[in-house]
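Please see the structure below; I have some questions.
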Amino acid sequence: MCYFDQTRWACGYWKWGNFRQQCNKEYRTGETCGLKLVYNTTPVGAVCKICDQITKKNRRVTKMYDDIYRWQREGNRRATIEKTERDIMEINYQISELQNTHHERMVSI
Ligand SMILES: [Zn+2]
C-alpha cells in the first residue's frame with residue numbers, strides 16, 4: 001500500500017495526484033506496490049470537468065429545442081429541424097456516456 005494525494009471535487013468526482021510515500025512492503029526506489037491509499041485529499045470547491053461538460057451540453061440541447069420550437073412556428077424548416085433533432089440525439093448520447101464515466105468513478109473507492 002503506497003500513499004498518494006487525491007483531489008476531490010464538490011460533485012464527488014476524484015482523481016489520484018502525486019505519489020507521496022512508499023509503504024514498507026515496497027523497497028524499490030520510486031516504485032509503488034500498486035495498492036493506492038489516500039495520503040491527503042485536496043478538496044476543490046467547484047464541480048469537475050465532466051460535470052462542466054454535461055452542463056454545457058445540456059445548455060446546448062435546451063437551446064436547440066428552443067430553435068426547433070421557433071422553426072416549427074416559422075414553417076419551411078423541416079430539413080433544419082430534422083438535422084437538429086439528430087444532433088440532439090447525438091449530444092444526449094454523449095451526455096449519458098459522461099454520466100456513466102462519472103458514476104463509475106463515484107462507486108469505485
Ligand atoms: Zn463531477
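The values are calculated or read from the model by the stated rules, or taken from the named source; none is laboratory data. None of these values were measured; they are calculated from a predicted model. Heads up, the Cβs are rebuilt from the backbone with ideal geometry, glycines too, and the neighbour counts pull from every protein chain shown. Quick note on the areas: whole protein, heavy atoms, side chains included, nothing else; ligands and nucleic acids left out. Shrake-Rupley method; radii C 1.70, N 1.55, O 1.52, S 1.80 Å.
Within the bounds of the range 20-29, is there any residue that is open to solvent by 70 Å² or more (accessible area, probe 1.4 Å), away from the ligand (no atom under 13 Å from the Cβ) and touching a strand residue (DSSP E or B) at 6+ places or on another chain (Cβ under 8 Å)?
yes
Within the range 57-65, does at least one residue satisfy the condition of being surrounded by 12 or more Cβ atoms within 10 Å (Cβ to Cβ) and within 16 Å of the ligand (Cβ to nearest atom)?
yes
Are any residues in the range 94-109 open to solvent by 90 Å² or more (accessible area, probe 1.4 Å) and farther than 14 Å from Lys56 by Cα, and if so, which ones?
Listed by number, the residues that qualify are His103, Glu104, Val107, Ile109.
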